[in-house]
Amino acid sequence: MSETANSKRVIPDRLGTRTSRLLSSWEVLLLGVAVAIFVFNSFASPYFLNAWNLSDATFNFTEKAMIAFAMALLVIAGEIDLSVAAIIALASTAMGAAAQAGIGTPGLVAIGLGVGLACGAFNGFLVSVLRLPSIVVTIGTMSLFRGISYIVLGDKAYGNYPDSFAYFGQGYVFWVFSFEFVLFILLAIVFAILLHATNFGRQIYVIGNNEFAARFSGISVERVKFILFLLTGLMAGIASVCLTSRLGSTRPSIAQGWELEIVTMVVLGGVSILGGSGTIAGVVIAAFVMGLVTFGLGLLNVPGIVMSIFVGLLLITTIAIPIVARRIKEMSR
Amino acid sequence: MTNLLKNRELLLIVIIGLMVIGFSTRAQGFAAPGNLANIFNDTSILIILALGQMTVILTKSIDLSVAANLAFTGMAVALTNAPYPDPPLAALIVMAIGIGAFLGAINGFLVWALQIPPIVVTLGTLTIYRGMAFVLSGGGWVNAHQMTAQFLNIPRTQLLGLPVLSWIAIAIVLGAWFVLTRLPFGRAAYASGGNPTAAVYAGIDIGWTRFIAFVLSGALAGLCGYLWVSRYAVAYVDIAVGFELDTVAACVIGGISIAGGIGSVAGAVLGALFLGVIKNALPVIGISPFAQLAISGIVIVLAVVFNARAERKAGRIILRDRAAPEASA
């Protein structure tokens with residue numbers, strides 16, 4: 001589909017000033033949306049402007065956003081991983097089984113992260129060594145990973161996690177700032193540096209823009225992709241530790257449908273689904289937007305499934321608006 | 001290439017045949033004609049949806065909203081049938097197809113006119129359509145006793161030894177074969193997926209072709225909405241959750257290239273039957289139904305590995321690396 005899109009792209013005579021470019025950037029537009037939702041929410045519900053309520057609201061998106069950072073890198077490189085939610089389920093199941101066997105908190109965390117890495121390595125192997133299209137491969141591994149959880153657990157659930165394990169999902173670092181929120185901020189900084197200030201980040205953009213050219217400029221495309229899948233698996237493992245700790249139990253249906261919300265978050269954050277462009281800042285703001293929307297609607301007693309309508313509309317309209325705007329601009333010229 | 005494709009379908013027939021024989025050694029009567037007809041009937045809805053999905057995939061797109069479309073349309077016809085039992089069933093079926101086609105047209109329009117990648121569009125409409133099904137029903141169920149006897153019975157009426165549901169599937173298989181191999185639209189669909197640039201130069205409107213593919217997929221999903229609700233005699237918001245992945249899986253197993261332009265109707269049907277046989281065999285041979293998800297996962301991964309081997313064209317390799325970047329969406 002990129003073929004037809006490319007032919008219509010025009011190179012402007014002037015790029016505009018630095019400020020005008022910044023003001024018309026996706027991130028600033030999204031930030032405006034976030035502020036608007038924030039203001040609307042605080043008028044719509046008297047319970048919205050409360051530090052503890054807002055702190056609770058962050059749990060809506062922190063776990064998803066952690067994965068969204070890694071997913072953003074993957075999407076920028078032109079790949080996708082739809083198996084992330086299934087990795088959460090499998091990692092959580094493994095931790096649950098280990099907890100029943102009496103393994104302590106450090107061991108559980110290691111198992112969670114290890115399973116995440118192993119799943120990521122499996123995806124990476126299929127995509128970068130066997131050179132398979134990631135969208136179908138990860139649909140397959142999505143069924144496989146969650147399927148293993150179903151085989152292990154069936155209709156049962158794991159509980160009885162050690163008390164100290166609860167810290168990751170329920171603990172607070174100071175005042176209203178939860179462990180998850182602090183981790184989310186730290187990871188955002190790490191990923192922003194990785195993508196925007198390292199060689200590796202540059203290589204990701206190059207691969208997403210022109211894989212062919214990337215090969216000719218000596219980038220080991222397969223290795224970069226493999227690392228990205230590994231990273232995505234690791235983040236899914238971390239998210240699994242947080243989610244399992246927060247819920248205190250594991251069912252095979254844990255985090256069902258999250259892959260779509262995570263991809264929505266990434267795309268809403270201005271990352272091109274065709275690869276090659278996007279920023280971590282955009283994803284961070286998108287995470288806040290989605291968290292604020294779902295939390296605000298929740299305060300207004302809107303059921304979860306109706307919220308998903310808003311998320312879907314948000315996804316399509318935020319992508320459609322710049323396209324429509326560009327059309328109108330082209331027509332008036 | 002045609003030889004390879006022929007091999008793929010033959011291979012699938014052989015594998016399905018071997019599976020049936022293998023399962024019948026474990027469970028008496030698995031290979032009996034009556035049971036095979038049951039399996040076919042059970043897989044009918046998947047076959048119909050897979051054909052719609054295939055048409056979309058051929059044009060280098062993907063429709064992840066089929067199951068949500070099915071849930072919405074099924075809920076709409078059930079809610080119409082419950083308080084108004086009088087209108088003929090034909091009107092309801094037309095309504096189901098119409099609603100489905102309209103929802104498909106929304107997908108198609110967004111892909112065609114706004115050029116938003118299909119995976120993003122249908123990911124969005126997937127949540128929207130299912131959310132609308134909730135809004136429509138208020139989260140309630142429509143149960144068998146609220147539906148008219150005619151509404152429930154038509155698809156299961158026996159006709160020449162097979163239920164009407166099976167005949168509908170057979171009719172749609174033949175229809176899809178005709179549309180994709182004998183009509184200009186079919187050519188256009190293969191061309192706009194196989195080589196979009198060449199298709200444009202050949203005077204094919206790719207956007208329009210994709211639009212029609214989405215409308216067809218939506219219309220079939222709408223029809224399946226009625227069939228599903230009638231077959232399981234219940235309508236609720238979560239019917240067919242995740243079924244869109246089964247339709248993609250059926251296509252992938254059937255040798256339809258996710259990159260567009262390659263695939264046959266027979267492949268999609270056999271891919272669906274492959275999943276159907278496994279699904280029906282698990283309880284019979286005493287494997288927990290919970291294992292089904294993992295098994296279809298393994299099957300999908302293996303099928304993709306297999307497809308990639310079949311599609312690899314020697315002439316396209318530049319240097320040692322596969323240069324042509326497959327569109328990931």
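Just a few scattered comments:
- Any hit, the range B:214-226, residues being within 12 Å of another protein chain (Cβ to nearest Cβ) and either among the hydrophobic types (A, V, I, L, M, F, W, C) or touching a residue at least 60 places away in the same chain (Cβ under 8 Å) (or both): no
- Residue satisfying condition, being within 14 Å of another protein chain (Cβ to nearest Cβ), closer than 29 Å to A:ARG131 by Cα, of a type in the set (Ser, Thr, Tyr) and open to solvent by less than 40 Å² (accessible area, probe 1.4 Å), within set B:THR247, B:THR197: B:THR247
- Taken over the range A:109-158, the residue count meeting the criterion of being more than 9 Å from every other protein chain (Cβ to nearest Cβ) and of a type in the set (Lys, Arg) is 1.
- Pairing each residue of the range B:132-161 that is free of Cβ contacts under 8 Å to residues at least 40 places away in the same chain with any residue that is open to solvent by 40 Å² or more (accessible area, probe 1.4 Å) and of a type outside the set (Lys, Arg), provided the two are 6+ apart or on different chains, yields C-beta distances under 7 Å for B:LEU159/B:TRP167.
- Test: residue in the range A:89-103 that is within 14 Å of chain B (Cβ to nearest Cβ), open to solvent by less than 20 Å² (accessible area, probe 1.4 Å) and out of contact with any strand residue (DSSP E or B) (no Cβ under 7 Å at 6 or more places or on another chain): yes
- Residue under evaluation B:GLN115, criteria (1) facing chain A (nearest Cβ under 7 Å); (2) within 18 Å of B:LEU70 (Cβ to Cβ), criterion not met: (2)
- Pairs, first at positive phi in the range A:243-270, second open to solvent by less than 10 Å² (accessible area, probe 1.4 Å) and of a type in the set (Lys, Arg), C-beta under 7 Å, six or more apart: none
- Test: residue in the range B:302-314 that is buried (at least 18 other Cβ atoms within 10 Å of the Cβ), modelled with pLDDT of 85 or more, within 12 Å of chain A (Cβ to nearest Cβ) and under 21 Å from the mean Cα position of the chain (by Cα): no
- Residue in the range B:132-140 that is part of a helix (DSSP H, G or I), open to solvent by less than 10 Å² (accessible area, probe 1.4 Å) and either touching a Cys at 6+ places or on another chain (Cβ under 6 Å) or within 20 Å of A:SER308 (Cβ to Cβ) (or both) present: yes
- The listed residues are A:VAL267, A:VAL283, and the only one of them that is in a helix (DSSP H, G or I), under 19 Å from the mean Cα position of the chain (by Cα), facing another protein chain (nearest Cβ under 8 Å) and of a type in the set (Val, Ile, Thr) turns out to be A:VAL267.
- In summary, B:SER65 fulfils each of the numbered conditions (1) under 30 Å from B:THR209 (Cβ atoms); (2) open to solvent by 10 Å² or more (accessible area, probe 1.4 Å); (3) of a type outside the set (A, V, I, L, M, F, W, C) with the single exception of condition (2).
- The lone criterion from (1) farther than 30 Å from B:PRO88 by Cα; (2) modelled with pLDDT under 90 left unmet by B:THR181 is number (2).
- Matching option when the condition is open to solvent by less than 10 Å² (accessible area, probe 1.4 Å) and free of Cβ contacts under 8 Å to residues at least 60 places away in the same chain, among B:GLY254, B:GLY297, B:GLY276, B:GLY271: B:GLY297
The values are calculated or read from the model by the stated rules, or taken from the named source; none is laboratory data. Everything numeric in this text was worked out from a predicted model, so none of it was measured. Here Cβ is always computed from backbone atoms with ideal geometry, including for glycine, and neighbour counts include all displayed protein chains. Just the protein is used for accessible areas: all its heavy atoms, side chains included, with ligands, DNA and RNA removed. Shrake-Rupley method; radii C 1.70, N 1.55, O 1.52, S 1.80 Å.
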